[in-house]
1. Would segment 188-200 turn up any residue that is over 20 Å from the mean Cα position of the chain (by Cα) and touching a residue at least 40 places away in the same chain (Cβ under 8 Å)?
2. Take segment 87-98 and flag every residue that is among the aromatic types (Phe, Trp, Tyr) and surrounded by 15 or more Cβ atoms within 10 Å (Cβ to Cβ).
3. Which condition number in (1) in contact with a helix residue (DSSP H, G or I) (Cβ under 6 Å, 6 or more places away or on another chain); (2) surrounded by 16 or more Cβ atoms within 10 Å (Cβ to Cβ) is the one that Leu185 fails?
4. Can you tell which of Ile246, Ile206 is closer than 21 Å to Ala119 by Cβ, surrounded by fewer than 19 Cβ atoms within 10 Å (Cβ to Cβ) and either among the charged types (D, E, K, R) or in contact (Cβ under 8 Å) with a residue 24 or more places away in the chain (or both)?
5. Restricting the search to segment 276-305, which residues are within 30 Å of Arg177 (Cβ to Cβ) and in contact with a helix residue (DSSP H, G or I) (Cβ under 7 Å, 6 or more places away or on another chain)?
6. Looking only at residues that are buried (at least 16 other Cβ atoms within 10 Å of the Cβ) and part of a loop (DSSP other than H, G, I, E, B) in segment 251-283, which one is nearest to the chain's Cα centre (by Cα)?
7. Does segment 130-156 hold any residues that are of a type outside the set (D, E, K, R) and more than 18 Å from Ser255 (Cβ to Cβ), and which are they?
Amino acid sequence: MASVTAPAPAAVKVKKTHGRDKPSLGRQLILQAICLLILFTVMFPVLWIFSMALDPRNLSRPDGLNLIPPGASLDSFIKVIQKPTSNPVDFITLAFNSFKIASLTSLFSILIGVSAAYAFSRFNFRFRSVLMIAILGVLMLPAVATLAPLFVFLNRITVDFTGVPILGDLLGNFNLRNSQLGVMLAITSGLLPFSIWNLKGYLDTIPKELEEAASVDGAGRNQTFVKIILPLATPALAVTAFLGFIGGWTEFYFSWMFLTKPSDFTLAMALYSMVGQYARTTPWSLFAAFSILVALPPAIVYFFAQKYIVSGLAIGGVKG
């Protein structure tokens, strides 16, 4: 009996497509023109501030579109580094105070925020939803809204280290309101709601099966939190810490209202004190140079870490 073989199926040609179709030349030109317009809108004020900082004439208003002023020099930067204001505080001391407040408030908000976020993410307890809504409500308040109650509350507390070895000689006794520690506590209270919400959203994306597997292997709750959860949450922790640092670095309300000793002043306070009563009395060249020096460190950090910051924020907002 003769065997019958079926004919081989014809080869099907599959057209490969790589993403979207390439836009037309006219559309590309329009998109590039829009991007250039946005770039010009964003960069022009920044370039203008640099122009004011280089201008030795100290003009109170622009006299034309001169991005490179006549007689441009770096004298303004040298003067603000040596002595920014009339107070006997140099730029290094002001920068160190701002860095100390910003770094410690960022650290406190991370340590407390990740612990609270883990509890809200993993544990079911009474009034859990109510507390989350309350934290969200506090997050909606501007920082200036808590200025008066924090001023009164911290003003009633006096910290006394007299008699304590080493700390007694360094710190002595001081009013908590009129101290950098009081400012740190006030800033941390404003950073915590954001830290808790942002970190909780990220912790919700970490599978609980990892913790269950660690529990089967004999790991306790604290070990699981430290050795599994925290390493996996490093991107969100980095983003939250960076934003907390920016909040502490640029903070002005609490520092201006709480601190009275010039040795405790920050960069933001010194920058504000340079503004005169009238426009003509403000040293605009020095003001522009000082503002550039204040904004430069966070800008450099963000420029190199923007990829991780944006991705960490996006991942943290997946679940709430």
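1. Checked segment 188-200: no residue is over 20 Å from the mean Cα position of the chain (by Cα) and touching a residue at least 40 places away in the same chain (Cβ under 8 Å).
2. Of everything in segment 87-98, just one residue is among the aromatic types (Phe, Trp, Tyr) and surrounded by 15 or more Cβ atoms within 10 Å (Cβ to Cβ), namely Phe91.
3. Among (1) in contact with a helix residue (DSSP H, G or I) (Cβ under 6 Å, 6 or more places away or on another chain); (2) surrounded by 16 or more Cβ atoms within 10 Å (Cβ to Cβ), Leu185 violates only (1).
4. It is Ile206.
5. Phe290, Ser291, Leu293, Val294, Pro298
6. Among them, the one singled out is Glu251.
7. Val130, Leu131, Met132, Ile133, Ala134, Ile135, Leu136, Gly137, Val138, Leu139, Met140, Leu141, listed by residue number.
Residues are listed down the side, and each one gets a yes or a no for (1) within 21 Å of Ser129 (Cα to Cα); (2) of a type outside the set (Val, Ile, Thr); (3) in a helix (DSSP H, G or I):
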| position | (1), (2), (3) |
| --- | --- |
| Trp197 | yes, yes, yes |
| Glu209 | no, yes, yes |
| Glu212 | no, yes, yes |
| Gly218 | no, yes, no |
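The values are calculated or read from the model by the stated rules, or taken from the named source; none is laboratory data. Just so it is clear, the structure is predicted and the values come from calculations on it, not from any experiment. A quick note on method: Cβ atoms are made from the backbone with ideal geometry, for glycine too, and the neighbour counts reach across all protein chains shown.
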